[in-house]
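What follows is a single structure, written as structure tokens, with notes after it.
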Amino acid sequence: MARHVSRRAPRAHWLLLLLGMAVLLAELCLNGWVTGVGGEQGPAPVTGASVLPAGTGPVLQVDAGGAVRSAAIPAGAVALTFDDGPDPRWTPLILDALRRHHARATFFVVGARVNQHPELVRRIVAEGHELGVHTFTHADLATLPAWRQRLELDLTRNAIAAATGRTVRLMRPPYSSTPSALPDLATVRAASGYLTVLTDRDTEDWRRPGVDAIVAAALPAATGPGAVVMLHDGGGDRSQTVAAVERIVSGAGGPRFVTVSEGIGLPPDEPAGAGTVARGHALRWAQAGAGWVSAAMWWLIVAGTALALLRLAVQVIAARRHARRAAAQGRRPLRSFGLVSVVVPAYNEAANIAATVRSLVGNDYPQLEVIVVDDGSTDATAAVVTRLGLPGVRLIRQANAGKPAALNAGVAAARGQLLVLVDGDTVFEPDAVGRLVQPFADPSVGAVSGNTKVANRGGLLGRWQHLEYVVGFNLDRRMFDLGECMPTIPGAIGAFRRAALLDVDGVPGDTLAEDTDLTMAVLRAGWRAVYAERAVAWTEAPATLRQLWRQRYRWCYGTMQAAWKHRRALRERGQLGRRGLVYLAVFQMLLPLTAPLVDVYAVYSLFFLPPAQVAAVWCGFTALQVLAAGYALRLDRERLGSLWTVPLQQVVYRQLLYLVVVQSTVAALLGGRQRWQVMARTGLAAAAVPPQRGPSGAAPGHEPTGVEPVHGPAGFAPSQSPAGIAPSHEPAGIAPSQSPAGIVPSHEPAGFAPRRRTTPDRPGRPGRP
């Protein structure tokens, strides 16, 4: 509202946020990629006859000219090979059996599992066995593009190098079998630079056919040639394989068990280069980090879900109790408390001010004065008020000094002991003022919040804001009322006892959310703040996303300022610190900051989690939101027609609101002054407000029988003042032209360090008249 000097809002954090979200998504995708690693479930389908001639050995290499060379294990030797490991359960048992009988074997390892269990890979090498590549994620190479084929092989080689310090030359493609079952050379050509090792004897132990069947399939005839035997040490239940290996290697007079390289006469593997080792270590750290990130995200989702469900349950229970209490109170006759002063600060409100003032003057409360404070408007706001010429309306004009200064000027000029503070774009229901002041019958009540409704609720954005006001704000206010920790009396419709304002030195001006700052100060001074749900006012909501951003940024940043300013309430008596500030910190600051992470996890889940599970979770939460919104609409006597927009809120509206929190948090941490974001007024509130009706349902100008519009409308008891309110027309100690003690006419909202303390740092005292 006021002109404030500010520096440009920070921008670099958006780039950092996008970069962080991209890194998070990459880490989650890496984890999803490697944790989806399976095991052998059978060979890939064979679509035709083998391209290799009969008698081709199981070890293949394609030279530069495309010719295939092969090698075989000599007679009297057997090369036991194990695929799909290392596995922390089965691989050590197989290694123990091989060590007991001094047998050596070749292990074709999956790269992702090497990074998970590098100690097993080091043990394999230390005990004289050999390693080979079995791709990084147990992918079928024949179905992959060339770049992915190379990636699968290179990542596995790097992982082995990081774990053992050695390079490897052997590779076995997943889902492979004997040379006679090879339909083409695609997988062999993909392994350029490697020797492709197939098998002579496929035990198919992954089928778990029984120990005897595995042993029979593994051992060649006593007088036959040597063989490469395929077994598995990972990818499933390998208990039968472990038992079979014990029998295979323990037979007296059996074959000699060698590694593949030893069987075909190749020298041992060479040490890996420093670059390969470094890449392997980086890969292992990235994979480990991805696992940690995924686990942390899982627990974040669980914690956030639990908090959201707990909040929803508390809101619904509190709303039900509050509605019952309000219904009982609503059956009591309305009381008149003498003169009530309405203060309307206005800055460039020419589009709405006439409707606002008319709705106030037309209220059925018997003793009412309206004070419009024109805060240096550059449009025709003052002229519009003057032309109205309505009785009981006063106009104060001042140089632009900000909304708090305008409110304080109006409070100083007011004659009533109860003050209603109203935004210049708000249209009151005919009975709103009367219902708003009823809680002041309790002398401990210092402030009352009314029920703000969105007038311009047409279009998707208007419906979203309408639902937010009804479901979010009003459900929260019912809960805050019961918990005696109302942090905000809205500027659109709120009432204060003059004594409460005097206790806190008037409306503070050192935050962007003067309504929140003032309410917290009133609570800390020992007064109660309550919610009058039937005191309804209509306000003009932002009509564009840009305007909505500016409004919510001011609200959010100002709330952070106010919470920081009143942080000592955490150590004081009263519920503001223990309930109100904790609730704001958790649900309006911390959880929204984690929302971008949740959205990243949602994108990840679309690709790596079961679609049915993702759909079930999303539908379940959406259904809960729809039910809660329907209940809130029913409590507020609203139609249910806007419920269809609830699922769409997850697409744009939710993201905008949590990005506002991100922007506000960064601005708060960096410090500096932020300017007041002025929303362009269009008059939509006045045009969109439903026909105004009094408490009996009659339209203005058609009062029900027995209502005297000026001196005492029906339903109000004879004029009387609540306990402690003097009936005099001039507030004690405050002349109409003076401001309350300690109020500076103009304040500029600053960062988190307030220039002046408006509330004593002491425990709040009990409610007082």
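Just a few scattered comments:
- Test: residue in segment 621-628 that is farther than 18 Å from Ala306 by Cα and in contact (Cβ under 8 Å) with a residue 24 or more places away in the chain: no
- Inter-residue pairs, beta-carbon under 8 Å, first closer than 12 Å to Thr81 by Cβ and part of a loop (DSSP other than H, G, I, E, B) and in segment 244-265, second at pLDDT 90 or above and of a type in the set (Lys, Arg), 6+ apart: Val258/Arg104; Thr259/Arg104
- Residue in segment 514-521 that is small (Gly, Ala, Ser), in a strand (DSSP E or B) and at pLDDT 95 or above present: no
- Unmet criterion (only one of (1) part of a helix (DSSP H, G or I); (2) in the same structural domain as Arg478 (by TED's automatic domain parsing); (3) modelled with pLDDT under 95) for Ala350: (1)
- Here Val302 fulfils each of the conditions (1) modelled with pLDDT under 95; (2) farther than 30 Å from Arg113 by Cα; (3) out of contact with any helix residue (DSSP H, G or I) (no Cβ under 9 Å at 6 or more places or on another chain) apart from (2).
Here is a yes/no grid of residues against (1) of a type in the set (Ser, Thr, Tyr); (2) in a helix (DSSP H, G or I); (3) surrounded by fewer than 24 Cβ atoms within 10 Å (Cβ to Cβ):
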{"residue": "His466", "(1), (2), (3)": "no, yes, yes"}
{"residue": "Phe496", "(1), (2), (3)": "no, no, no"}
{"residue": "Ala499", "(1), (2), (3)": "no, yes, yes"}
{"residue": "Asp510", "(1), (2), (3)": "no, no, yes"}
{"residue": "Pro542", "(1), (2), (3)": "no, no, yes"}
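- Top-ranked residue of segment 634-656 - restricted to ones that are closer than 15 Å to Lys453 by Cβ and part of a helix (DSSP H, G or I), ranked as nearest to the chain's Cα centre (by Cα): Ser642
- Test for Ala191: is it buried (at least 16 other Cβ atoms within 10 Å of the Cβ), over 45 Å from the mean Cα position of the chain (by Cα) and touching a residue at least 12 places away in the same chain (Cβ under 8 Å): no
- Lone unmet requirement of (1) more than 16 Å from Ala105 (Cα to Cα); (2) touching a residue at least 24 places away in the same chain (Cβ under 8 Å); (3) of a type in the set (D, E, K, R) for Asp212: (2)
- Residues in segment 383-411 that are surrounded by 21 or more Cβ atoms within 10 Å (Cβ to Cβ) and not β-branched (Val, Ile, Thr): Ala401, Gly402, Lys403, Pro404, Ala405, Ala406, Leu407, Asn408, Ala409, Gly410.
- Meets criteria (at pLDDT below 95 and over 19 Å from Tyr347 (Cβ atoms)) for Arg463: yes
- All conditions in (1) more than 19 Å from Asp476 (Cβ to Cβ); (2) crowded, with 18+ Cβ neighbours inside 10 Å hold for Ala632, with the sole exception of (1).
Let's see how each residue does on (1) in contact with a strand residue (DSSP E or B) (Cβ under 6 Å, 6 or more places away or on another chain); (2) without any contact (Cβ under 8 Å) to a residue 60 or more places away in the chain; (3) over 21 Å from Arg247 (Cβ atoms):
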| site | (1), (2), (3) |
| --- | --- |
| Ala97 | no, no, no |
| Val125 | no, yes, yes |
| Gly132 | yes, no, yes |
| Thr156 | yes, yes, yes |
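- Which numbered condition Arg573 misses (of (1) out of contact with any Ser or Thr (no Cβ under 6 Å at 6 or more places or on another chain); (2) in a helix (DSSP H, G or I)): (2)
- Contact map, segment 563-588: residues that are under 17 Å from Arg528 (Cβ atoms) paired with residues that are aliphatic (A, V, I, L, M) and in a loop (DSSP other than H, G, I, E, B), Cβ distance under 9 Å, separation 6+ or inter-chain. Pairs shown: Leu576/Met486; Gly580/Met486.
- Verdict on Ala243 being surrounded by fewer than 19 Cβ atoms within 10 Å (Cβ to Cβ), under 26 Å from Ile160 (Cβ atoms) and at pLDDT 95 or above: no
The values are calculated or read from the model by the stated rules, or taken from the named source; none is laboratory data. The model shown is predicted, which means the values in this text are computed figures rather than measured ones. Glycine gets a Cβ as well: all are built from the backbone with ideal geometry, and neighbour counts include every protein chain shown.
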